[in-house]
Every structure is written in C-alpha cells, then in structure tokens.
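Structure record follows, encoded as structure tokens.
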Amino acid sequence: MKEEKQKVGQIRKKEIREAAKKCFLTKGFQSTTMEDVITEIGMSRGGVYHHYASTNEMLKDLMLDGNDYRNSLINEYLENNKGKDKYLQMGEILVDKSLADTELMKIYTLLLQAKNYNDDLENLYQELKLNTTNELSIIANQLGIKADIFRDGFLVDYINGLILSSEVLGARKSYGGHKKYIKETIINYIVDVENNTHEEVSNE
C-alpha cells in the first residue's frame, strides 16, 4: 500500500514537472508563477503545493531529469564505442552534451541566464555543476583519464558558453557544421592536462 502511494506520488510530481516545463518554455522561468503551473495542469492548489513549494523546486527536479537522461545517453554511447581512443570518447561525450537540442537544455539555458539575479538559482546552479562534474569525472576515470580535467573550470565554462550561444544566438547549426574543431579544442585541453603541460590562467 505504501509503495503504491509513493508510486502515485511520483507520477503526480512528473505530471507537475511536465506542466512546469511547458510554462517555462512558453513564458520563461522568471515570468512563470505557481498559479501558471496550477492552471496548466488543472490540479488543485493543495495538490500542487503538496509536492512542490516553488517553481525553483520544479526547476531543480527538471534539471535532475535532464541529468538522468544525459547519463543514459552516455552509458549507451560507451557501450557502443568500446575500444575507441579515451580522449576521443571523452571529447565526443562533451561535444554531444554541449550541442544537445532538447527542451530540458533550453530550460537549462534559462537557468544560466537567470542565476545572476537570484541567489537560490545561483545555489541550484552550483549544486548541479558539482553533481555534473563529479559524474563526468567518474566517466573520465573509467576511460583511463586520471587527471582532474574539470579542476580549473575551463571545460565547464566552455561547455556553458556553447550551450548559451547555441540557444541565445542560434549558433547550434554553425557549431554542428564545425563540430570537429570544438572536439579538437576539448581533446587538446584534456591531453595537455594529462601531460601537465596546461598552464592555468588566474581569474584575478
């Protein structure tokens, strides 16, 4: 009985997230209110607030959904590309992540744009960044890349720059046509870090 109730609760939460996703994509994250989501899903206020106290919480769970989806794609890629050069595999994984054209990636772009004006969103971004870099570091280690390739933040900043410009500037098609150069940049950086030839640049 308890398990059945939990299962129903998870279904309801997913339905709420889907409604929130539609609102975020239509109105933008900062312009979406709890009332918008309640209207979109057609559920009672109490029903929605029972699962989510704010749109920030909905956004966080949507981003976690995105992480789960990305990880499933990475696992599928690794299964189908055994024996490939480790640097090539890591480069392709990071390029595919950067140029993915999904609804959740569009919402992640909204988070990147809004976080500078909202401390809660900045904290959410930092939490997501830590989770993502930890997961990708584990994959890099599994491939045999032992150096901490996310140490100085370059790869995270580079990937986020690609994501933002793909969505905001409409550069995804251009990047897709020149993917090999993006991949070469990432691979060259990883190789340099592995060989201790990379010079860290101070942000000061």
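Bear in mind that the values in this text are calculations on the coordinates, not laboratory data. Everything numeric here is computed off the predicted structure, so don't read it as measured data. Cβ: placed from backbone, ideal geometry, glycine included. Neighbour counts: every protein chain shown.
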Pairwise FRET efficiency - LEU169 versus SER44, Cβ, R0 = 41 Å, nearest 0.05: 0.50
Cα-based reach from LYS7 at 18 Å (exclusive), listing lysines while leaving out same-chain residues under 8 positions away: none
Relative packing of 168-179, 10-21, 131-142, which averages over residues the other C-beta atoms within 10 Å, highest first: 10-21, 131-142, 168-179
Residues of type aspartates and glutamates that LYS86 reaches as a straight line, Cα spacing below 15 Å, ignoring anything fewer than 8 places off in the same chain: ASP148, GLU184, ASP192, GLU194
Under the Karplus curve 6.51 cos²θ - 1.76 cosθ + 1.60, θ = phi - 60°, whole-Hz ³J(HN,Hα) for the range 143-160, x wherever Gly or Pro sits: 7, x, 8, 8, 6, 7, 6, 9, 4, 8, x, 4, 4, 5, 5, 5, 5, 5
Calculated [θ] (222 nm, deg cm²/dmol) that DSSP helices of n ≥ 4 give over the chain, each run adding -39,500 (n - 2.57): -25000 deg cm²/dmol
Distance in nm between pseudo-label sites at ASN118 and VAL191 (7 Å out along the Cβ direction from Cα): 4.2
Separation between Cα centres of the range 152-193 and the range 12-37, rounded to whole Å: 29
Option label - mean projected area of the Cα convex hull in nm² computed here, alternatives (i) 11.6; (ii) 14.0; (iii) 19.2: (ii)
